[in-house]
Amino acid sequence: MRGAVMFRPGDVRVVERDEPRLIRPTDAIIRLSASCICGSDLWPYRGAETLDWPAPMGHEYVGIVEEVGEEVAAIQPGQFVVGSFFASDNTCEICRAGYQSSCIQRAPVGAEGAQADVLRVPLADGTLVATPDRPPDDLIPSLLAASDVLGTAWFGAVAAEVGAGKTVVIVGDGAVGLLAVLAARHFAAERIIVMSRHETRQRLAAEYGATDIVEERGDDGVRRIKELTDGLGAHSVIEAVGTQESMMQAIRSTRPGGHVGYVGVAHDVELAGDELFFSHVHLHGGPAPVRRFLPELVDLIWNRLIDPGKVFDLELPLDEAPAGYDAMDRRRAIKVLLHP
Ligand SMILES: [Zn+2]
C-alpha cells in the first residue's frame, strides 16, 4: 500500500509500505476514505521537532472497517468509523473521567501513519465511533475534521469554559482556531474575537460566527483585547498555536477569574510563576480527549447542524501529499485533505 513518510525536515514522500495487519485481538484494520495534514505535522517538517526518521505520517482518519480482532465486539467490518490520534480503551478510570487522551493504555495512532491507504487502529472498541450509516461524500470532510481539529477546538472551548453571554478570544487562525469559533458559537458565546492577520482566514472566521477580528499580536494584541473588553480582558481564551508568544498573549488577554483553554501543542513555552500567581487566571488544556466529544460531534455533523469541513481548502490525491505539506507550510492552504 501507499503511505506518506517524512524522511527528514522538509522531505515527505509517498512510498510503498507494508500493509498493516492485526497484531492484537483488540485491533481493527480500516481502509481510509480520507486523511489529512495537521498543523502539528509542520513542527517536524520545519525542523522544530525531531521524529524517529523515517516516520510514517498522519493521525487523522475516517474509513471503512475491513477486519477486526477477535476481542473486538462493538466495531464491525463494513462500518464507517471516525477515530482520533490517541487510541484509548474508554473503560479505565481516566477515560471514564473524560480524559481518553491520557488513557492508561493509550497508543499513538500517528505512529501507524494515517496518510495511507490502510491503517491499523489499536483498542478499536474504545477508540472508534461508527456513523449511523455510510455517509454521503459531502459529509466526509466534516467527519474527518471531527477526528482531530474539531475535537481539539471543542476541548479548547470546554477547557476555557466558553458559555452563554461570555466574551471569547481565540489566539490562532489555523484550522483549530477557526473551528474554535464554530465551537464558541455552538456554546452560545456573545462575543467571539479572533486574532488573525490573514484575510481568507478572517473570512471563514466570520462565516463561523466571529464578531471581531484583531490583527495585532503580542503586547499590542493584548492592548487591543483590553480596549474591546472595558479594560478587563475576555472571560474565555482559547490558545491554538503553542508558542511562547501565543501562550502569553492568551494569558494576558484573560480577565482575573477567567479561563484559558490551551490546545496548541506547546513548544518551549515557559511560564513565570509570579505572573501566573497574580493573574488569577485558570489554565487547562493539553492533548484533546477528542474521544469524549466524538459521539456528539458525529451526531451534529450527521444532522448537518455544523459544517467543520470548510476548513479543508485544498484536496489532493494521496500521491500529492508532498505538495500538500508545502502548501500548508507556506500558508497557501489552511488544511489539506488527502484522498487515498
Ligand atoms: Zn482508558
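Considering every Cα-Cα pair within the chain, what fraction, in whole percent, is farther apart than 39 Å?
Counting every Cα pair in the chain, those more than 39 Å apart make up 11 percent.
Using only Cα atoms and rounding to the nearest 10 degrees, what angle (0 to 90) does helix 175-186 make with the longest principal axis of the chain?
Orientation of helix 175-186: about 70 degrees from the principal axis.
How much solvent-accessible surface does Tyr45 expose, in Å² to the nearest 10, with a 1.4 Å probe and all protein chains in place?
30
Rounded to the nearest 500, what is the 222 nm mean residue ellipticity of the chain from helices alone, with -39500 (n - 2.57) per DSSP H run of 4+ residues and division by all residues?
Computed mean residue ellipticity for the chain: -8000 deg cm²/dmol.
Taking a ≥ b ≥ c as the square roots of the eigenvalues of the Cα gyration tensor of region 29-125, is the shape rounded (a/c under 1.5), prolate (a/b larger than b/c) or oblate?
Judged from the Cα gyration tensor, region 29-125 comes out oblate (a/c at least 1.5, b/c at or above a/b).
First select every other residue whose beta carbon is under 12 angstrom from the beta carbon of Arg31; then total the charges, Lys and Arg +1, Asp and Glu -1.
-3
When the chain is fully extended, how far beyond the present Cα-Cα distance does Ala272 get from Asp137, taking 0.36 nm per residue of separation?
Separation in residues times 0.36 nm, less the Cα-Cα distance, equals 43.8 nm.
For region 78-148, state what percent of all Cα-Cα pairs lands in each successive 5 Å bin, counting from 0 Å until the bin that includes the largest distance.
3, 17, 24, 25, 17, 10, 3, 0
Within straight cross-link reach of Lys335, meaning Cα distance under 24 Å, which lysines are found once same-chain residues fewer than 8 apart are removed?
Lys310
State, as an integer percentage, the relative contact order of the chain based on alpha-carbon contacts under 8 Å between residues 6 or more apart.
That works out to 19 percent.
For the chain, what does the accessible surface come to per residue with a 1.4 Å probe? Please give it in Å².
42
Please give the solvent-accessible surface of Lys166 in Å², to the nearest 10, using a probe radius of 1.4 Å with every protein chain present.
Its accessible surface works out to 60 Å², give or take rounding.
How many percent of DSSP beta bridges within the chain run antiparallel, rounded to 5?
DSSP beta bridges in the chain are roughly 55 percent antiparallel.
Relative contact order for region 269-340 using alpha-carbon pairs under 8 Å, separation at least 6, rounded to a whole percent?
26
Arg330: accessible area at probe 1.4 Å, nearest 10 Å²?
Ignoring ligands and nucleic acids, Arg330 comes out at about 150 Å².
Can you divide the C-alpha Rg of region 199-340 by 2.2 N^0.38 Å and report the result to two decimal places?
This ratio for region 199-340 stands at 1.22.
Tell me the Kirkwood hydrodynamic radius of region 51-201 in angstroms, computed as one over the mean inverse distance between distinct C-alpha pairs.
Every distinct Cα pair counted, the radius reaches 17.0 Å.
Once you place label points 7 Å from the Cα toward the Cβ at Asp117 and Ala97, how far apart are they in nm?
It is 4.4 nm.
When the chain is fully extended, how far beyond the present Cα-Cα distance does Arg223 get from Arg304, taking 0.36 nm per residue of separation?
Difference between extended and current length: 25.3 nm.
Give me the percent of the accessible area of the chain that comes from carbon and sulfur atoms, probe 1.4 Å, all protein chains in place.
The value for the chain is 48 percent carbon and sulfur by accessible area.
Averaged across orientations, what area in nm² does the convex hull of the alpha carbons in region 200-261 project?
Here the figure is 4.3 nm², rounded to one decimal.
How much length is gained if the chain between Arg332 and Glu216 is pulled fully straight, taking 0.36 nm per residue apart and subtracting their Cα-Cα distance, in nm to one decimal?
39.7 nm
Taking Cα atoms, how many degrees apart are the long axis of helix 218-228 and the longest axis of the chain, rounded to 10 and kept between 0 and 90?
70
Would you list Asp18, Asp329 from the most to the least accessible area, probe 1.4 Å?
Ranking Asp18, Asp329 by accessible area, largest first, yields Asp18, Asp329.
The values are calculated or read from the model by the stated rules, or taken from the named source; none is laboratory data. This structure is a prediction, so every number in the text was calculated from the model and none was measured. Glycine gets a Cβ as well: all are built from the backbone with ideal geometry, and neighbour counts include every protein chain shown. SASA here: full protein model, heavy atoms, side chains in, ligands and nucleic acids out. Shrake-Rupley method; radii C 1.70, N 1.55, O 1.52, S 1.80 Å.
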